[in-house]
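What follows is a short report on a single structure.
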Amino acid sequence: MTKIPFNWKAFWMLLAGSIVGLVGVVPTAWPFRMKPRLRAAAQANMPLWTLVTLQLAPQVILFGVAIWVGLSFARSVGLGLPFLEARLRGQAIWGNSAAFCLSASFWA
């Protein structure tokens, strides 16, 4: 059995996407979760950017672990990221994507 090297480019792309998603959730979650913490941070003289960073850091770590586990075991169960991996190799993906999108829309 040939060992396939870990795709670090895909890992960093997926982690960056998860961070963008987490930052996008901050304004939505602000009224529900952040107001009590904001009062506590004001009492401790903590800047807002530090509070937001401390709130997002554990979630980024958990996403990183989940992405690493997923990418590590994806090939062994027959899964993968064909479009992202092809794009990172510099190959054109639009030729294969039309048939894939058509079949995906049929099963959706």
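The values are calculated or read from the model by the stated rules, or taken from the named source; none is laboratory data. None of these values were measured; they are calculated from a predicted model. Don't worry about glycine lacking a Cβ; one is built from the backbone with ideal geometry, like all the others, and counts go over all protein chains shown.
Which one is farthest from the chain's Cα centre (by Cα) among residues in the stretch 65-100 that are among the aromatic types (Phe, Trp, Tyr), surrounded by 12 or more Cβ atoms within 10 Å (Cβ to Cβ) and closer than 27 Å to Leu22 by Cβ?
It comes out as Phe83.
Inspect the stretch 22-35 for any residue being assigned to a loop (DSSP other than H, G, I, E, B), at negative phi and at pLDDT below 75 and give the result as yes or no.
The answer is no, given that none of the residues of the stretch 22-35 is assigned to a loop (DSSP other than H, G, I, E, B), at negative phi and at pLDDT below 75.
Tell me which residues, restricted to the stretch 79-108, are farther than 30 Å from Thr28 by Cα, modelled with pLDDT of 75 or more and not in a helix (DSSP H, G or I).
Listed by number, the residues that qualify are Leu79, Gly80, Arg89, Gly90, Gln91, Ala92.
Quick one: which of Leu38, Leu51 is touching a Phe, Trp or Tyr at 6+ places or on another chain (Cβ under 9 Å) and in a helix (DSSP H, G or I)?
The unique qualifying residue is Leu38.
Quick check on my filter: what residues within the stretch 49-62 are in contact (Cβ under 8 Å) with a residue 12 or more places away in the chain and farther than 15 Å from Gly24 by Cα?
The answer is Leu51, and nothing else.
So if I check each of Trp30, Trp12, Trp49, which one is closer than 30 Å to Phe83 by Cα and either of a type in the set (Phe, Trp, Tyr) or in contact with a Cys (Cβ under 9 Å, 6 or more places away or on another chain) (or both)?
Within the list Trp30, Trp12, Trp49, the selection yields Trp12.
Conditions tested, residue by residue: (1) surrounded by 11 or more Cβ atoms within 10 Å (Cβ to Cβ); (2) out of contact with any Leu (no Cβ under 8 Å at 6 or more places or on another chain); (3) over 30 Å from Ala99 (Cα atoms).
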{"residue": "Val20", "(1), (2), (3)": "no, yes, no"}
{"residue": "Lys35", "(1), (2), (3)": "no, yes, yes"}
{"residue": "Ala42", "(1), (2), (3)": "yes, yes, yes"}
{"residue": "Pro58", "(1), (2), (3)": "no, yes, yes"}
{"residue": "Phe63", "(1), (2), (3)": "yes, no, yes"}
